[in-house]
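Read through the structure below, which is laid out as structure tokens, and then see the notes.
The values are calculated or read from the model by the stated rules, or taken from the named source; none is laboratory data. Computed from a predicted structure; not experimentally measured. Please note: Cβ atoms are built from the backbone with ideal geometry, for glycine as well, and neighbour counts cover all protein chains shown.
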Amino acid sequence: MKSTGLGTAYWNEVINVLRNIIPVYDRVNSAISIGRDNEFRIEGIKKSVFPGNTILDAGSGYGNMSKIVIEMVSKDVYIHFYDPIPEMLKGLSENFKGYDITYSKCSGVFEKIPFRSNTFDAVICGYSIRDSINFQDAFEEIHRILKDGGRFLIVDLGKPDNWFLRNLVSIYLRYLLVVIAFITAGKRGLPFGTLYGTFLRWPKNNDLKLLLSKYFSKVEMDKKLFGGAVIVVAHK
């Protein structure tokens, strides 16, 4: 299967956009997903994270995925926050004030994760793995750092296999996304339009499942919003 991903040049462009929209990112992301982003996070986390787990929150941002772990699963977890944007990680202390948890953090890319093999029980990616430079390299690296029996959770946009549904989702993201972002966050939301390119480079749902199956023994995919969103649990 052909290697896929954003490539270095476009990845740098996307990261710069994300860095500039940090203050409004969560608000706009929720609006774009019709308010169902946390619902999908909760469903995926309950399937893939358990008490006592060591977790890598990859592309963590401010740690929304991990907050759900703590609130819906258990505080008895060790979390490592990992994000390519250091400014995101700086907001963690404020975001987790009052939470009695053990965590650490560092910055880096999906394709070269600075941990030993067989380290994590779960790697969780909420609306982040789509921003990989190279999907194959990212999936291979995540497989490496997971323990045997570990789970890789993806909660993200989906790209329907049906051409009609795929075009509907594409039109929504290409045109309505910018309108919603502007209504939600004013001019600060307009750069979200640049992120449409990440959808164009994202594999169709069945292709994503096939690609993951090259590295993982079992891949479960639940399609939401007519395939416009996916919850994937891949088992090592």
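Computed values, structure above
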| quantity | calculated |
| --- | --- |
| Condition broken by TRP163, with the remaining ones in (1) of a type in the set (Phe, Trp, Tyr); (2) modelled with pLDDT of 95 or more; (3) closer than 28 Å to VAL123 by Cα satisfied | (3) |
| Qualifying positions in segment 109-156 - free of Cβ contacts under 8 Å to residues at least 40 places away in the same chain, at negative phi and surrounded by fewer than 19 Cβ atoms within 10 Å (Cβ to Cβ) | GLU111, LYS112, PRO114, ARG116, SER117, ARG144 |
| Only one of ASN16, ASN29, ASN12 that is in contact with a Phe, Trp or Tyr (Cβ under 7 Å, 6 or more places away or on another chain) and either under 22 Å from PRO86 (Cα atoms) or of a type in the set (Lys, Arg) (or both) | ASN29 |
| Qualifying residue in segment 162-177 (condition: out of contact with any Ser or Thr (no Cβ under 9 Å at 6 or more places or on another chain), closer than 15 Å to PHE81 by Cα and not hydroxyl-bearing (Ser, Thr, Tyr)) | no |
| Any hit, segment 41-58, residues being β-branched (Val, Ile, Thr), at pLDDT below 95, surrounded by 15 or more Cβ atoms within 10 Å (Cβ to Cβ) and more than 22 Å from GLY158 (Cα to Cα) | no |
| Checklist (1) in contact with a helix residue (DSSP H, G or I) (Cβ under 8 Å, 6 or more places away or on another chain); (2) closer than 24 Å to LEU210 by Cα applied to GLU43, failing item | (1) |
| Selection from segment 1-24 of residues that are surrounded by 13 or more Cβ atoms within 10 Å (Cβ to Cβ) and part of a loop (DSSP other than H, G, I, E, B) | THR4, GLY5, LEU6, ILE21 |
| Residue within segment 84-99 that is touching a helix residue (DSSP H, G or I) at 6+ places or on another chain (Cβ under 7 Å), more than 26 Å from LEU173 (Cα to Cα), buried (at least 18 other Cβ atoms within 10 Å of the Cβ) and in contact (Cβ under 8 Å) with a residue 12 or more places away in the chain present | no |
| Hits in segment 187-236 (condition: of a type in the set (Lys, Arg) and more than 18 Å from TRP11 (Cβ to Cβ)) | LYS187, ARG188, LYS204, LYS209, LYS214, LYS218, LYS223, LYS224, LYS236 |
| Filter pass, GLU87 being closer than 21 Å to ARG19 by Cα, out of contact with any Phe, Trp or Tyr (no Cβ under 6 Å at 6 or more places or on another chain) and of a type in the set (Asp, Glu) | yes |
| Qualifying position, being out of contact with any helix residue (DSSP H, G or I) (no Cβ under 9 Å at 6 or more places or on another chain) and modelled with pLDDT of 95 or more, among ASP222, ASP207 | ASP207 |
| Single unsatisfied condition, ARG144 versus (1) under 16 Å from the mean Cα position of the chain (by Cα); (2) assigned to a helix (DSSP H, G or I) | (1) |
| Flag if LEU157 is closer than 26 Å to ILE21 by Cα, modelled with pLDDT under 95 and in contact with a strand residue (DSSP E or B) (Cβ under 8 Å, 6 or more places away or on another chain) | yes |
